[in-house]
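Q: Quick one: the structure is below, and I'll ask about it shortly.
The values are calculated or read from the model by the stated rules, or taken from the named source; none is laboratory data. Just so it is clear, the structure is predicted and the values come from calculations on it, not from any experiment. Note that each Cβ is placed from the backbone with ideal geometry, even for glycine, and that neighbours are counted across all protein chains shown. Heavy atoms of the whole protein, side chains included, go into the accessibility calculation; ligands, DNA and RNA do not. Shrake-Rupley method; radii C 1.70, N 1.55, O 1.52, S 1.80 Å.
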Amino acid sequence: MPEAGETSGGAEATRGPARRDAEATKTAILKAVRHLLARHSQADITLKAVAERAGVSAPLILKYFGNKDSLFAQVMSFEEDAAALLDAPLADLGRHMVRHVLVSQSERGADPVLRIVFAPLHRERGDVLRANFRTQVVDRLAGRLDGPDAGLRAELAVGALLGLGVMFGIARGERLRASDVEDVVERYGPLVQAQLTS
């Protein structure tokens with residue numbers, strides 16, 4: 001039986017739309033898990049709750065991710081998010097990172113790094129989240145920096161981004177949320193950049 005967006009008219013007719021639908025479904029599932037992880041311990045989250053939040057069936061989650069552990073392992077990883085967050089030349093990286101955090105939250109409803117603040121909710125899995133965050137985000141950024149104290153400067157830069165993400169997405173700062181993204185980038189980007197090029 002075809003999934004939503006597919007037809008039974010042959011592989012070539014459905015390859016493009018089906019692939020887009022599959023990617024959109026996977027994205028919705030991952031977004032649902034991130035939402036739930038920000039509010040509940042992983043142990044308390046069921047596939048049924050993820051499915052309801054994502055608007056899909058639990059068997060479809062298993063089809064795409066194999067099992068609950070592999071689904072959560074993917075959400076506990078920052079690998080893809082870090083690649084996009086750090087995808088700019090060093091001279092413009094601070095502005096890029098600020099823009100990426102704001103656009104991710106305002107347009108896609110998901111912050112690339114903010115889920116680290118919920119690590120205490122996840123008991124021993126929180127240690128996995130912290131370890132992934134250190135190696136995949138902070139250490140990766142530090143590896144791009146020249147000069148002394150690269151690790152400390154990377155932590156300070158990422159800390160500034162986390163503060164911005166908290167104010168935008170959790171505290172829901174009214175003025176920040178009402179501001180033009182590029183205005184905030186011009187104001188806040190140099191603060192982050194100062195740690196990257198010191």
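Q: So, in nm, how far is label residue 186 from label residue 117 when the simple model puts each one 7 Å beyond its Cα toward the Cβ?
A: Result: 2.7 nm between the two label points.
Q: Would you mind calculating the gained length between residue 103 and residue 139 on full extension (0.36 nm times residue separation, minus the Cα-Cα distance), in nm to one decimal?
A: Roughly 10.6 nm would be gained on extension.
Q: Something else now. Quick check on the chain: helices-only [θ] at 222 nm, where DSSP H runs of length 4 and up contribute -39,500 (n - 2.57) each and the sum goes over total residues. Nearest 500, please.
A: Only helices count here, giving -19500 deg cm²/dmol.
Q: Report in % the part of the accessible area of the chain that belongs to carbon and sulfur, leaving out ligands and nucleic acids; probe 1.4 Å.
A: Summing carbon and sulfur atoms, their accessible area is 53 percent of the total for the chain.
Q: How much length is gained on full extension from residue 198 to residue 156, taking 0.36 nm per residue of separation minus their Cα-Cα distance?
A: 13.9 nm
Q: Here's another thing I want to ask about it. For the range 73-115, how big is Rg over Rh, using alpha carbon atoms and the Kirkwood form of Rh?
A: 0.98
Q: Within the chain, which complete DSSP H helices have Cα atoms spanning at least 15 Å along the helix axis and a mean Kyte-Doolittle hydropathy of 1.0 or higher?
A: Going by DSSP H runs, the hits are 150-165.
Q: Which length gain, in nm to one decimal place, applies between residue 127 and residue 179 when the Cα-Cα distance is subtracted from 0.36 nm times their residue separation?
A: Between residue 127 and residue 179, full extension yields 15.2 nm more.
Q: With only alpha-carbon atoms counted, please give the Rg and Dmax of the chain, in Å.
A: 18.7, 61
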